[in-house]
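The values are calculated or read from the model by the stated rules, or taken from the named source; none is laboratory data. Since the model is a prediction, treat every value here as computed from it, not as a measurement. Positions of Cβ are backbone-derived with ideal geometry, glycine not excepted, and every protein chain shown enters the neighbour counts. Just the protein is used for accessible areas: all its heavy atoms, side chains included, with ligands, DNA and RNA removed. Shrake-Rupley method; radii C 1.70, N 1.55, O 1.52, S 1.80 Å.
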Amino acid sequence: MPKSKRDRTVFVVVVAAVTLSKTKKKGREHKEIIVNGIREAVEKHTSVYVFSFENMRNIKFKEFRNQFRHNGRFFLGSNKVMQVALGRSASDEIRPGIFKVSKLLHGDAGLLVTDMPKEEVESLFNAYEDSDFSRTGSTAVETVELKEGPLEQFTHEMEPFLRKQGMPVRLNKGTVELLSDFVVCEEGKPLSPESSRILRLLGIKLATFKLNLVCRWSPNDFELYREGLDLSDVET
């Protein structure tokens, strides 16, 4: 005997309710793990740094992080969760003065907790910079324009694909030819999917993955690295 529609509806509702409850529980547990991990690291190590990042690339960040694998931990994620772990004010901070670190956790930022000498940390951060291809939606840092004429860097098989990207091209005796000047991207404007693909084909890397130190906390002092910041910005 076939099941009624009413039976099937009740079954779906029950499953959905169970799934949502599991998701919420998992979210809380994940946040608690991060908070406890940060607090344990701060108790174990002597210095805490806030750093900002530009054009994050996971593989490249992993390579950079490996330099600290024997002496430090990195934390990335929700700034609010990291702030809760450290304490948002002098009344709930986990170490004296560390609430100042929380004040600077905003935007694209992360934490480094380590015993590595200050000079060595600064040297590693200042020396690291890596170029990569820009992603769709990112802001172009310069204007790239192709001039009318042959595009010998492309094979004749590429001509249909280039036309699909909006480029005015044709084949001229087996050579891809640009029929008029073509602006691939404009400085200050977001990259379209087509622009991003063309830049990659041209081998032009406009994105720079860089890590910038913002501040450093230790039991004995607090230091700002970013220009324009003042201690009054974080002490209240």
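One residue stands out among those in the range 26-51 that are assigned to a helix (DSSP H, G or I) and either of a type in the set (A, V, I, L, M) or touching a Pro at 6+ places or on another chain (Cβ under 9 Å) (or both): the one that is most open to solvent (accessible area, probe 1.4 Å), which is ILE33. Across the range 152-189, the qualifying residues are those that are touching a Ser or Thr at 6+ places or on another chain (Cβ under 6 Å) and open to solvent by 20 Å² or more (accessible area, probe 1.4 Å), and the one among them that is nearest to ASN55 (Cα to Cα) is GLU187.
Being at pLDDT below 95 and under 30 Å from GLN67 (Cα atoms): is that true of SER131 here? Yes; evaluated as a whole, the condition is true for this residue.
Of the helices (runs of 4 or more DSSP H) lying entirely inside the range 52-150, those containing at least 2 residues that are open to solvent by 70 Å² or more (accessible area, probe 1.4 Å), closer than 22 Å to LEU213 by Cβ and not acidic (Asp, Glu) are 58-65, 118-127.
Considering (1) buried (at least 18 other Cβ atoms within 10 Å of the Cβ); (2) at pLDDT below 95, the lone condition that ASP230 does not fulfil carries the number (1).
Residues in the range 199-221 that are farther than 25 Å from SER134 by Cα and either surrounded by 15 or more Cβ atoms within 10 Å (Cβ to Cβ) or touching a Cys at 6+ places or on another chain (Cβ under 9 Å) (or both): CYS215, ARG216, TRP217, SER218. Taking the criterion of being in contact with a Lys or Arg (Cβ under 6 Å, 6 or more places away or on another chain) and touching a residue at least 40 places away in the same chain (Cβ under 8 Å), the residues of the range 64-93 that qualify are VAL81, ALA85.
For the condition assigned to a strand (DSSP E or B), more than 20 Å from ARG57 (Cα to Cα) and touching a strand residue (DSSP E or B) at 6+ places or on another chain (Cβ under 8 Å), GLU159 does not qualify.
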